[in-house]
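Visitor: Below are the structure tokens for one structure; questions will follow.
Please treat every number below as a calculation from the coordinates, not as lab data. The structure displayed is predicted, hence computed values, not measured ones. All Cβ positions, even for glycine, are placed from backbone atoms using ideal geometry, and neighbour counts span all protein chains on display.
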Amino acid sequence: MAEELHIPRHIGIIMDGNGRWAKKRGLPRTAGHTKGAEVFQKITRYCEKIGVKALTVYAFSTENWSRPQSEVDAIMNLLRRYLKDAFGFKGENFKINFIGERSRLAPDIIEKIEEIEETSKNNTGLILNVALNYGGRDEIVHAARSLGREILSGKIKPEEIDEAAFESFTYTAGQPPVDLILRPSGEQRISNFLLWQCAYSEFVYMDTLWPDFTPADLDRAIREYSGRQRRFGGI
Ligand code: IPE
Ligand code: IPE
Ligand code: MG
């Protein structure tokens, strides 16, 4: 390839379109989530292969609890199946984090995600953040609360709070900036994903539904990203 490709350091993916994928095939929505989970495994490995440092995937939002209980249960059970063997990533070098408010998750799920984080914490490959009961506003509220506690304990003064202090209480503290946010499925909205982190992310929207998403689609998104001129307010 003649053109020079810039590989984003950190990619965020809103894994959307599972339900529509299933509906198109006359299948239950759950079938779309199952296929979507397989695509997630494949794309994670592909990101590592091409040199992405961190990947954040939106798996379940703070708003997704409003779906019918049967769908929420099906998603949680699918998750349980995948957590059993750390998404099939056992033995791979990914450092797996779960981001979001975990106290609302079932105790057996919390136990598994803590175990996966513990066993992968010293891994040196791709940082994989799985967003579960995640909301960008909730993350910001969380950080504000933590800073409030620091003030009460006298560790920091209100006037010392700056962007870096705030950032240190986000779920992605210390990770590379989110260079690219990708949303398949044709929707063009952020849906409460990475609100703090996306300040200067590039956005790529694609019509492909997530269960149909392939490494070639990711290549396409990265080519588009590479062609963008990022100015960060400069000229
Ligand atoms: C994304 O696919 C998966 C979750 C939000 C859990 P959807 O289930 O939102 O699929 P569509 O948007 O209805 O097609
Ligand atoms: C965003 O997709 C959340 C996830 C992919 C986990 P939604 O399907 O929930 O978003 P909206 O409802 O279309 O905004
Ligand atoms: Mg959706």
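Visitor: Just want the answer: with Cβ charges of +1 for Lys and Arg and -1 for Asp and Glu, which residue in 31, 7, 182 is farthest toward the dipole's positive end in the chain?
Guide: 31
Visitor: Longest exposed-loop-site-free stretch of the chain, with trypsin sites (Lys or Arg not before Pro), DSSP loop and at most 14 other Cβ within 10 Å? List each step's numbers first, then the result.
Guide: Details: sites that count: 25, 90, 121, 155, 189, 228, 230, 231.
Longest run free of exposed loop sites: 26-89.
Visitor: Something else now. When 210, 21, 196 are ordered from fewest to most other Cβ atoms inside 10 Å of their Cβ, what list results? Working shown, then result.
Guide: Numbers: 210 29, 21 25, 196 18.
By the 10 Å Cβ count, ascending: 196, 21, 210.
Visitor: Using θ = phi - 60° and the Karplus form 6.51 cos²θ - 1.76 cosθ + 1.60, what ³J(HN,Hα) does each residue of region 205-221 get, whole Hz, x for Gly and Pro?
Guide: 9, 9, 7, 3, 7, 3, x, 9, 5, 10, x, 5, 5, 5, 4, 4, 5
Visitor: Just want to confirm a number: the relative contact order over the chain, from Cα pairs under 8 angstrom separated by 6+ residues, in percent. If you can, show how the numbers build up before the last one.
Guide: Numbers: 349 pairs, mean separation 69.5, N = 235.
It comes to 30 percent, rounded to a whole number.
Visitor: I would also like to ask the following. Starting from the amide H of residue 67, placed 1.01 Å from N in the peptide plane, find each other amide H under 5 Å away whose residue is 5 or more places distant or on another chain.
Guide: none
Visitor: Then there's this: Once every DSSP H run of n ≥ 4 in the chain is given -39500 (n - 2.57) and the sum is divided by its residues, what mean residue ellipticity at 222 nm do you get, rounded to the nearest 500 deg cm²/dmol? Display every interim value, and only then the final one.
Guide: Details: 7 runs with 93 residues, N = 235.
Rounded to the nearest 500, it is -12500 deg cm²/dmol.
Visitor: Which of the aspartates and glutamates could be linked to residue 90 by a straight reach, that is with a Cα gap under 18 Å, when you skip same-chain ones fewer than 8 residues away?
Guide: Result set, ordered by chain and number: 38, 48, 111, 114, 115, 117, 118.
Visitor: With r as the distance between the Cβ atoms of residue 149 and residue 73 and R0 = 41 Å, compute the FRET efficiency 1/(1 + (r/R0)^6) and round to 0.05.
Guide: Working: r = 35 Å, r/R0 = 0.85.
So, using R0 = 41 Å, E works out to roughly 0.75.
Visitor: Give me the dipole magnitude in Debye, nearest 20, for the chain about the Cα centre, with unit charges on the beta carbon: positive for Lys and Arg, negative for Asp and Glu. All intermediate terms of the calculation are to be shown ahead of the outcome.
Guide: Numbers: 33 positive and 33 negative charges, 119 e Å.
Approximately 580 debye in magnitude.
Visitor: Next question. Return one quarter of the surface area of the convex hull spanned by the alpha-carbon atoms of region 109-235, equal to its mean projected area, in nm². Please report the intermediate quantities before stating the final value.
Guide: Values: hull surface 43.9 nm².
So the Cα hull casts an average projection of 11.0 nm².
Visitor: Related question: Taking the Cα centre of region 3-106 as origin, work out the dipole magnitude from +1 charges on Lys and Arg Cβ and -1 charges on Asp and Glu Cβ, in debye rounded to 20.
Guide: Details: 19 positive and 11 negative charges, 66 e Å.
For region 3-106, the charge dipole is close to 320 debye.
Visitor: Ok, one more. Could you grab the relative contact order for region 39-157? Cα pairs under 8 Å, six or more apart, rounded to a whole percent. Could you put the intermediate results ahead of the total?
Guide: On the way: 126 pairs, mean separation 44.5, N = 119.
RCO, region 39-157: 37 percent.
Visitor: Can you run phi through the Karplus equation (6.51, -1.76, 1.60; θ = phi - 60°) for region 75-84 and list ³J(HN,Hα) in whole Hz, with x for Gly and Pro?
Guide: Values, residue by residue: 5, 5, 6, 4, 4, 3, 4, 6, 5, 3 Hz.
Visitor: Taking the Cβ of residue 214 as the centre, find all other residues whose Cβ is under 11 Å away and add up their charges (Lys, Arg: +1; Asp, Glu: -1).
Guide: Details: positive: 42, 220; negative: 212, 217, 219.
Surrounding charge for residue 214 is -1.
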